[in-house]
Amino acid sequence: MNSKEVLKMFQPASLKGGSSTPVDERLRYKYFPFYLLVIFLSVIPIVLFEYFYITFFWKEPFYIIFFILIAFNIVITLYLLQFSALLISSLLIIIVKLIHNPNIGVFKRNLNNKEYKYWNLRNMIKKWPLFIVATNPFPWLKNRVALRFFGTKIGRNCLCDNSWISSEFVEIGKNVIIGMGSTILSFGIEQEKLILKKIRIADNVIIGAKCVILPGTKIHEGAKLNSHSYTLYDQELKKYQIYSGHPAELKKIGNEGQ
Amino acid sequence: MNENEYDNASIEFISTSGVYKTPFTIIIIIEIFLASLIISLVNLWFVNSLYYLLTGTQFYPFNTFVHWSYWLLLPLNIYVNIFFFLGLIMIISWVIYKILKILHPPREGIFDKGSKDWKYMHRRFWTAYFPIWLARAIPFPWSDIIVYRLFGTNIGNSVVAYEGYIDPEFVEIGKNTMTSLHICIFSHLIYHDKVIIKRVKIERNCVIGPQTLTSPGTIIHEGGILGANSYTSINQELEGNLIHVGTPVNVNFPIQSLDESRKKVEKIKSK
């Protein structure tokens, strides 16, 4: 499998970006109404909030309070928008998953393929909340909170704020450190194939900066990956051992104590 | 070299920055709260005059000069408030940063995870993080450099810093240096169960290529170029006026002019 081509396609260009949710060009216009639906529904709570704010404070003795609180009003609306966008898109995703349960495997990239169509639809629904959550000063909202909304398992004390993690088929254990600018992809696109495979990262793993982890990778407990390296499809990194290179190869056999 | 200090050869892997960002979230909330309170108080006179234009009454006992042209200033008011917000956040976080520095002064060395140095390193980085993040969201490309200088990083004149991660402590960047997109300059690094903190020195006229990683203790001499997609290992010294590439850096070649490289290509073609 030519894994280098996948790397070219999906490495995001900026440290600020959210998790990558690509959508096929051919399906973009067809699924655009879903995108608008998520935006429209997530704006409703804000409109309600503003309505009550104005009707409550735009009275004779409260004018000063109205203007003093206007800066806080803006901050509250920003976070309310993010929260409602996350909530509504995760509800829509649950409905989509009830209609068609996502499977793991290798699929054809035809428009007739049901799996491929629903994968695009899920990405389209996730696009708006993941984008809006990435543009805020609280880094833990981007990955830890947003991805847990979509059902990704991320353990406690996990340090993964400055990386791009796919929003499906990823399991991350406790005390994991994932480096700055690393990409964890549970999907890959080869010429005419779509590959969806589960990534499992066990406890106490350290992944260096700017690593790329391809679909199907299993990282066992305490393994360490050097920065600037990538793993192949279905690669296994063994317990307490140090890997490096492109693709990752065993560099040193470590012990439990280290 | 001390006994407990790692050198270039003994390092097996370079990991990543280890700044936990949750425990000090309260700092950002306090900063946002204070800044927006001050902004709304400062803007009261302007809002008061707008309200007077609308209704003919004043909600605030102010004797202001009011004119219809005040409405033209409304977009400007909103825009200037954004910069005002950045300035306030910078001042508040600088004060918190100073207090943290007095409580536990930063030092270089190798520390255990969970020690006092490790905790205070997190807190200092976390306070510096928010103003830097905010400065990057503003259309002036040099605004983040101003913030770095405020926190005591030595950054020379006419430095170009594109979007990337640079630690706010123990980093020196000389004049006319360019750091490209998507770089990481770490002055601290996680190694097994320890964290290594060491000064990074980048001298004048250097270029740091895109997608690179500079580890603690790196020294890049004057005119050195770090090629794209490469990283330096701990305590590595890079010679000046050369291009350095490799993961970790192990190859270097001279900087050529365009004519020189053309001549070389012609030589190869003529053979």
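Brief remarks on what is shown
- Residues in chain B average 50 Å² of solvent-accessible surface per residue, probe 1.4 Å, ligands and nucleic acids excluded.
- Cα-based helix-to-principal-axis angle, A:114-134 vs chain A, degrees rounded to 10: 60
- Region A:158-258: GluC sites (Glu not before Pro) falling in loop per DSSP and having at most 11 other Cβ within 10 Å: A:192, A:256
- Anisotropy class of chain A from Cα gyration tensor, a/c 1.5 cut: oblate
- Per-residue HN-Hα couplings for region B:192-198 [Karplus 6.51, -1.76, 1.60; θ = phi - 60°; Hz; x = Gly/Pro]: 6, 9, 10, 10, 9, 10, 8
- Cβ-based charge dipole, region A:3-252, positive-most Cα from A:157, A:54, A:91: A:157
- Folded to 0 to 90 degrees: helix B:116-136 orientation relative to chain B principal axis, Cα: 70
- Solvent-accessible area of region A:3-252 (1.4 angstrom probe, protein heavy atoms only): carbon and sulfur portion equals 64 percent.
- For region A:89-159, trypsin sites (Lys or Arg not before Pro) meeting the loop criterion (DSSP other than H, G, I, E, B) and having at most 12 other Cβ atoms within 10 Å: A:156.
- Solvent-accessible area of residue B:123, all protein chains in place: 80 Å² (probe radius 1.4 Å, heavy atoms, ligands and nucleic acids excluded).
- Cα-based shape type of the protein assembly as shown, given that a ≥ b ≥ c are square roots of the gyration tensor eigenvalues and the cut on a/c is 1.5: oblate
- Between helix B:74-103 and chain B: long-axis angle, C-alpha atoms, 0 to 90°, nearest 10: 60
- Region B:25-252: antiparallel DSSP beta bridges as a percent of all, rounded to 5: 30
- Lys/Arg +1, Asp/Glu -1 at C-beta; region B:25-252 dipole; positive extreme among B:103, B:171, B:197: B:103
- Beta bridge orientation in region A:166-258: antiparallel %, DSSP, nearest 5: 30
- Bridging of residue A:239 to lysines at a Cα separation below 16 Å is possible for A:174, A:218, A:224, A:251, A:252, once same-chain residues fewer than 8 apart are set aside.
- Relative contact order computed over chain B (Cα-Cα under 8 Å; 6+ residues apart), in percent: 13
- Cross-link partners of residue A:59 among aspartates and glutamates (Cα-Cα below 16 Å; sequence separation of 8 or more within a chain): A:50
- Exposure of residue B:204 as accessible area (Å², to 10), given a probe of 1.4 Å and all protein chains: 120
- Phi angles across region A:90-103 convert, under the Karplus curve 6.51 cos²θ - 1.76 cosθ + 1.60 with θ = phi - 60°, into 3J(HN,Hα) values of 5, 5, 4, 5, 4, 5, 4, 5, 5, 5, 9, 6, x, 10 Hz, Gly and Pro given as x.
- Loop-located chymotrypsin sites (Phe, Trp or Tyr not before Pro) in region B:26-79 (DSSP state other than H, G, I, E, B) with a sparse environment of at most 15 neighbouring Cβ atoms within 10 Å: B:62, B:65.
- Cut-off 15 Å between beta-carbons: net charge of the residues surrounding residue B:209, Lys and Arg +1, Asp and Glu -1: 0
- Paramagnetic label zone (point 7 Å from Cα along Cα-to-C-beta, residue A:233; backbone N under 13 Å) in region A:104-141: A:105-109
- Looking at region A:3-252, the accessible area is 44 square angstrom per residue; that uses a 1.4 Å probe and ignores ligands, DNA and RNA.
- The aspartates and glutamates within cross-link reach of residue A:197, meaning a Cα-to-Cα straight distance under 16 Å and a gap of 8 or more places when in the same chain, are A:115, A:168, A:171, A:234, A:236.
- Of the residues in region B:218-265, those shielded by at least 50 Å² of accessible area once partner protein chains are present, compared with the chain alone at a 1.4 Å probe, are B:231.
- Between residue A:78 and residue A:192, the simple spin-label model (points 7 angstrom out along Cα→Cβ) gives 4.9 nm.
- Rolling a 1.4 Å probe over the protein heavy atoms of chain B, with every protein chain left in place, gives an accessible area that is 62 percent carbon and sulfur.
- Within the listed set B:197, B:145, B:28, the residue fluctuating most in the Gaussian network model of chain B (springs between alpha-carbon atoms under 10 angstrom) is B:28.
- Site-free segments of chain A were taken between chymotrypsin sites (Phe, Trp or Tyr not before Pro) in DSSP loops having at most 14 other Cβ atoms within 10 Å, sites themselves excluded; the longest one is A:63-258.
- Region A:49-54 - phi-based ³J(HN,Hα) in whole Hz, Karplus 6.51/-1.76/1.60, Gly and Pro as x: 4, 5, 4, 5, 4, 5
- The protein assembly as shown: antiparallel DSSP beta bridges as a percent of all, rounded to 5: 35
- Sites residue B:146 and residue B:101 - FRET efficiency at Förster radius 22 Å, r taken between beta-carbons, to 0.05: 0.70
- Drop in accessible area of at least 30 Å² in the complex versus isolated chain, residues of region A:70-88, 1.4 Å probe: A:71, A:72, A:75
- Each Cα pair under 8 Å and six or more residues apart adds its sequence gap; the mean of these over the residue count of chain A is a relative contact order of 15 percent.
The values are calculated or read from the model by the stated rules, or taken from the named source; none is laboratory data. Keep in mind the model is a prediction, meaning the values are calculated, not measured. With ideal geometry, Cβ positions are generated from the backbone for all residues, glycine too; neighbour counts draw on all protein chains shown. When the accessible area is computed, the model is the full protein with side chains, heavy atoms only, and any ligands, DNA or RNA have been set aside. Shrake-Rupley method; radii C 1.70, N 1.55, O 1.52, S 1.80 Å.
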